[in-house]
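I have placed the structure first, in the form of structure tokens, so that the comments after it can refer back to it.
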């Protein structure tokens, strides 16, 4: 191999573009294993709404970092980064080729760019004050405050994930510096082979719509009923995953299924546009393909190893 660093295949792209199936096929072809960098797949019992790989898919190729915490447990970026490193080392020791797959930009970058998160000790008094503002004025107000103070950080945080908004504001108020300026990068320890998957926007939106229909057809409402029955609060960070808040409203009789589908389509389109802030078509380190170009992608990997 003409590279000193060990190879890591990176597969990124927006939600519903087709990362899961393609990654499994490529891992089968190249004797690989998959490390998930999708924050929605960490949680046990949240399967239908996250479009988690099926048991049959998981049996085809070993997967890592799926179903690793309960919905009421927190998996910080730093902990994910550490666990991903452990998983990758175990794959290399078995002489397998690792595939890092997902659409959660900060989790991908934390691994591939060797991020060092801001070393700011949690300020519980400040955090509680921000939590109170979230309750009183709403996550939209809190997000607008972050956007005013640090537009770059806000661009890469999902408005629905108010806990990340609160953490960014906490770091800003504690240090007096922008959150986006405090995340240092190290040299990647991997020979990255970065593959981006893309589809025409209307084609992607059609797949999003089909996925939402499939969720409800496959028992999404029953899944959410079960989570609530097991005591998991709708306010949990895990329940901010796309669709869950809307489905909770269906279960509580606050929204019809058709209304939920409309709202899910709307917020998923916003999410897709936000994902593009992490993985841009202009990024020369990423080779972009349509997911149907499986042969071309495999050839690109062979030529890059």
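Pick from 284, 296: which is assigned to a helix (DSSP H, G or I), assigned by TED's automatic domain parsing to the domain that holds residue 194 and within 26 Å of residue 202 (Cα to Cα)? Only one candidate passes the filter, namely 296.
Quick check on my filter: what residues within region 25-41 are in a loop (DSSP other than H, G, I, E, B) and under 22 Å from residue 15 (Cα atoms)? Across region 25-41, the qualifying residues are 37, 38. Exactly one residue out of 131, 73 is touching a helix residue (DSSP H, G or I) at 6+ places or on another chain (Cβ under 9 Å) and assigned by TED's automatic domain parsing to the domain that holds residue 157, and it is 131.
Against the criterion of being surrounded by 15 or more Cβ atoms within 10 Å (Cβ to Cβ) and within 14 Å of residue 43 (Cα to Cα), residue 65 qualifies.
Every condition in (1) closer than 28 Å to residue 268 by Cβ; (2) surrounded by fewer than 18 Cβ atoms within 10 Å (Cβ to Cβ); (3) in contact with a strand residue (DSSP E or B) (Cβ under 8 Å, 6 or more places away or on another chain) holds for residue 79 except the one numbered (3).
Filter region 45-62 down to the residues that are closer than 21 Å to residue 29 by Cβ and either in contact with a helix residue (DSSP H, G or I) (Cβ under 8 Å, 6 or more places away or on another chain) or part of a loop (DSSP other than H, G, I, E, B) (or both) and list them by number. Passing the criteria: 53, 54, 57, 60, 61, 62. Working carefully through the options 195, 301, find the one that is assigned to a helix (DSSP H, G or I) and touching a residue at least 12 places away in the same chain (Cβ under 8 Å). Only one candidate qualifies: 301.
Note on region 244-263: among residues that are modelled with pLDDT of 95 or more and under 24 Å from residue 104 (Cβ atoms), the one that is surrounded by the fewest Cβ atoms within 10 Å (Cβ to Cβ) is 263.
The values are calculated or read from the model by the stated rules, or taken from the named source; none is laboratory data. Being a predicted model, the structure only gives us computed values, none of them experimental. Cβ atoms come from the backbone with ideal geometry, glycine included; neighbour counts cover every protein chain shown.
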